[in-house]
Amino acid sequence: MSDIGKSYTSFLRNASDLYAFLVVCRLGRIGQAAQELRISQPSLSQRIRNLEGVVGRPLFVRVARGVELTEAGRMLHKDLEGPFSDAARHFDAFLNKDNRRTVSISVDYAFSHGVLIPGMAHIRQDVGSDVDIRVIASQEPLKGEGPEADITIFMCDKAFAPDNAKRLFREEVSAVCSPDFAQKHPKIRTPTDLLSDPSLLLHLRTPGHPASWCTWDEWLTDCGGLKAPLRRFTEYNSHELVMRSVLDGDGVALAWHGLSDDLLRRGWIVPLFRNRIMTGRGYFICLNNPAPAAVVQRVFDAIVSMT
């Protein structure tokens, strides 16, 4: 057997006694050390005697307040304390890393940009540092493209929401623009005034897919008596791009309350009219595993609490 093999065999044979020795060194009392190790005091005393038999020298002497190290004991303690402590710390770090859990959230671009990103500090505070959060954004999160997610957040009509889905908020929509745009177009006072120049309207549309959200045709039919479909002069395939265009003063867009609250609160966009409509749709959240891990439930609850 190689020398290193002999060393490992010797260390393995005496490892529990060596650990007991270090606990006694730290506490200075056999009784307290036995309580921490959850063994009887006679058993701990026997372990120390076993170790002293192996090294061939006494390691402790009894004093009035407990035990003190002998010269041999101090030498052994000096040699073992650092390596044992380092090994315990590294093993604990390994276990913690191995026990970390990544929670994946599938969500559309609008919700991730308008709610998740501004609320990530709140989620982190509720969830803690032992959880990794992965946001998987797409235009249609219910399609399940990409890695399987633990949580899905989506917009749909309440009648078509899965049974296990919880509604975060209803779809409530207003027409908005930049303050500068509002000043430059004082003649636009009612929704019907927009019909005279539909090129000012900024549309959200995903080519090849029917809209699962309120469109200008729906909004103006409800608020302004629109009779025919609008021509879409300018359209974008994400809510963030629409809002970017609004901030640049390019036109008027529909804003979803709950998604655009931060922009409204800062005054970067303003409602053009008092009119707003509320539909039967809304944002929903659901767990994709009927028996979710505890960390998944914590992330789920944190998102629900901030909406």
Residues that are in contact (Cβ under 8 Å) with a residue 60 or more places away in the chain and among the polar types (S, T, N, Q), drawn from the range 258-307:
Ser260, Asn275, Thr279, Asn288, Asn289, Ser305, Thr307
Based on this model, can you work out whether Ser178 counts as out of contact with any strand residue (DSSP E or B) (no Cβ under 7 Å at 6 or more places or on another chain) and in contact (Cβ under 8 Å) with a residue 40 or more places away in the chain?
yes
When you scan the range 212-226, do you find a residue that is farther than 14 Å from Ala253 by Cα, among the aliphatic types (A, V, I, L, M) and surrounded by 15 or more Cβ atoms within 10 Å (Cβ to Cβ), even just one?
yes
Only one of these conditions is not met by Asn164: (1) crowded, with 16+ Cβ neighbours inside 10 Å; (2) assigned to a loop (DSSP other than H, G, I, E, B); (3) in contact with a Leu (Cβ under 7 Å, 6 or more places away or on another chain). Which number is it?
(1)
Return a yes/no flag: does the range 213-222 have any residue that is touching a strand residue (DSSP E or B) at 6+ places or on another chain (Cβ under 9 Å), of a type in the set (Ser, Thr, Tyr) and in a loop (DSSP other than H, G, I, E, B).
yes
I'd like the residue in the range 130-158 that is at pLDDT below 90 and basic (Lys, Arg) and, out of all such residues, is surrounded by the fewest Cβ atoms within 10 Å (Cβ to Cβ).
Lys143
Looking at the range 194-202, is at least one residue without any contact (Cβ under 8 Å) to a residue 24 or more places away in the chain and under 26 Å from Gly249 (Cβ atoms)?
yes
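The values are calculated or read from the model by the stated rules, or taken from the named source; none is laboratory data. Please read all numbers here as calculations on a predicted model, not as lab measurements. Please note: Cβ atoms are built from the backbone with ideal geometry, for glycine as well, and neighbour counts cover all protein chains shown.
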